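First the structure, in the form of structure tokens, and then the observations on it.
The values are calculated or read from the model by the stated rules, or taken from the named source; none is laboratory data. In this text, all values refer to a predicted model and were calculated from it rather than measured experimentally. So basically every Cβ, Gly included, is an ideal-geometry build from the backbone, and we count neighbours across all protein chains shown. In case anyone asks, the SASA skips ligands and DNA or RNA and just uses the protein heavy atoms, side chains included. Shrake-Rupley method; radii C 1.70, N 1.55, O 1.52, S 1.80 Å.
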Amino acid sequence: MNSPQIVGLGGHPDDPMLDYVLGLARGRRLLYVPTAGNEDPTYAVGWYERLRGRAELTPLFFYPWPPADLRAVALAQDVILVPGGNTANMLAIWRVHGFDAILREAWQAGVLLTGWSAGMICWFDHGVTDSFGPELSPLECLGLLPGSACPHYDAEDQRRPVYTRLVADGFPPGVAADDDVALHYIGAELRETVTSREGAAAYRVEPDGERALETRLLA
């Protein structure tokens, strides 16, 4: 049985990062779950094109309703990919349909869970999100990984000051990732941090400040 794996991406993956993620999976079957992005079909078409020859994509839509065999669809995959968007709305929809529990079961069965932005923070206990408006806010997430998380750390001006302030004020400590950075977890352990862009990094954020994590540059 494969070990549980999650790869959290600080921002939209470029080709080297995408190849890195797919290389960790046990196979080529990929479930694309664009709930956070309002299930825009044009993005699904784009991912069909992008994954051609790399993975076998199946889209999962919850509108007007999810498939009757939702659990079987998820457990049949090798990778579940969650793009960005409104994390709070996404989690509410997932919980109504029991997909949160299905994701935990898939993860424990060896399906690699991955995604960026909403698809990064959703796996942690807590995340920092703009789901409720332009101001960043804390959010309770799925709790597969301990602590908190913040994406887009170098790409959006308010990410660093808001996240560090929240943690200093008592929000659970955690990790932050620049765009073009991936955090690879096996079980609940951070096994490796990689980047496809020189100078990008991930950080451990504690109440007394942040420290950069060793980050490997992909060839």
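What the table shows:
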quantity	calculated
Boolean, D78 is open to solvent by 30 Å² or more (accessible area, probe 1.4 Å) and at pLDDT 95 or above	no
D19 over 19 Å from M120 (Cβ atoms), touching a residue at least 12 places away in the same chain (Cβ under 8 Å) and within 17 Å of the chain's Cα centre (by Cα)	no
Counted residues, region 182-218 - those being polar (S, T, N, Q) and either over 22 Å from D14 (Cα atoms) or in contact with a helix residue (DSSP H, G or I) (Cβ under 9 Å, 6 or more places away or on another chain) (or both)	2
Options G143, G133: the member that is at pLDDT below 95, at positive phi and open to solvent by 20 Å² or more (accessible area, probe 1.4 Å)	G133
Only one of R26, R54, R95, R71 that is under 29 Å from L217 (Cβ atoms), out of contact with any strand residue (DSSP E or B) (no Cβ under 8 Å at 6 or more places or on another chain) and either open to solvent by 30 Å² or more (accessible area, probe 1.4 Å) or not in a strand (DSSP E or B) (or both)	R54
Filtered residue count, region 74-92, keeping only those that are β-branched (V, I, T) and assigned to a helix (DSSP H, G or I)	1
Residue tally, condition open to solvent by 40 Å² or more (accessible area, probe 1.4 Å) and within 20 Å of L145 (Cα to Cα), over region 159-171	2
Strands (runs of 3 or more DSSP E) completely within region 125-219 that count 3 or more residues being farther than 30 Å from N38 by Cβ	189-195, 202-206, 209-212
Residues located in region 12-23, provided they are in a loop (DSSP other than H, G, I, E, B) and surrounded by fewer than 21 Cβ atoms within 10 Å (Cβ to Cβ)	H12, D14
